[in-house]
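The values are calculated or read from the model by the stated rules, or taken from the named source; none is laboratory data. On a predicted model such as this, the values are computed, not experimentally measured, just so you know. No Cβ is skipped: glycine too gets one built from the backbone with ideal geometry, and neighbour counts run over all protein chains shown.
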């Protein structure tokens, strides 16, 4: 049996299925994210939640979207609580020109996830530039899912 990955989806990922699907990239990212969530529901992957995700999602102005994202997060196997250590780590990550919430998400993911997925091109670019200073793999969901889905689908 292959590894069961612990997946940290940032808020951009969780919002992607609700974005305008007329652009090919958005549609492909949405399909990858929906597949990942499906396999989390099936137990082939494990979704990781955090108090940072919940805080940022709570700020979503569209009530229906916010409720649907909160519902999706209910399948999370783990919830990371921000503590002093995570906050200190986020401050270090901010020094790499990573935005505050993004730094907190990465710091949380570093504590209890195998992969941090984002559709935010700027964040992904920064994370790749400073990959030697970030303690988790950061990837776009399309690329990551294309890489691991074959093994998961063969077993599931």
**Prompt:** Does at least one position in the stretch 20-35 carry a residue that is under 21 Å from residue 137 (Cα atoms), buried (at least 23 other Cβ atoms within 10 Å of the Cβ), touching a strand residue (DSSP E or B) at 6+ places or on another chain (Cβ under 6 Å) and at pLDDT 95 or above?
**Reply:** no
**Item:** strands (runs of 3 or more DSSP E) fully within the stretch 45-146 counting 1 or more residues that are touching a helix residue (DSSP H, G or I) at 6+ places or on another chain (Cβ under 8 Å) and closer than 25 Å to residue 28 by Cβ
**Value:** 46-50, 115-117, 137-139
**Asked** Any chance the stretch 113-123 includes a residue that's more than 15 Å from the chain's Cα centre (by Cα) and either farther than 22 Å from residue 140 by Cα or surrounded by 15 or more Cβ atoms within 10 Å (Cβ to Cβ) (or both)?
**Response** no
**Request:** Take residue 72 and decide whether it is surrounded by 14 or more Cβ atoms within 10 Å (Cβ to Cβ), modelled with pLDDT under 95 and out of contact with any strand residue (DSSP E or B) (no Cβ under 6 Å at 6 or more places or on another chain).
**Result:** yes
**Prompt:** Is it the case that residue 52 is within 20 Å of residue 139 (Cα to Cα) and either surrounded by 14 or more Cβ atoms within 10 Å (Cβ to Cβ) or at pLDDT below 95 (or both)?
**Reply:** yes
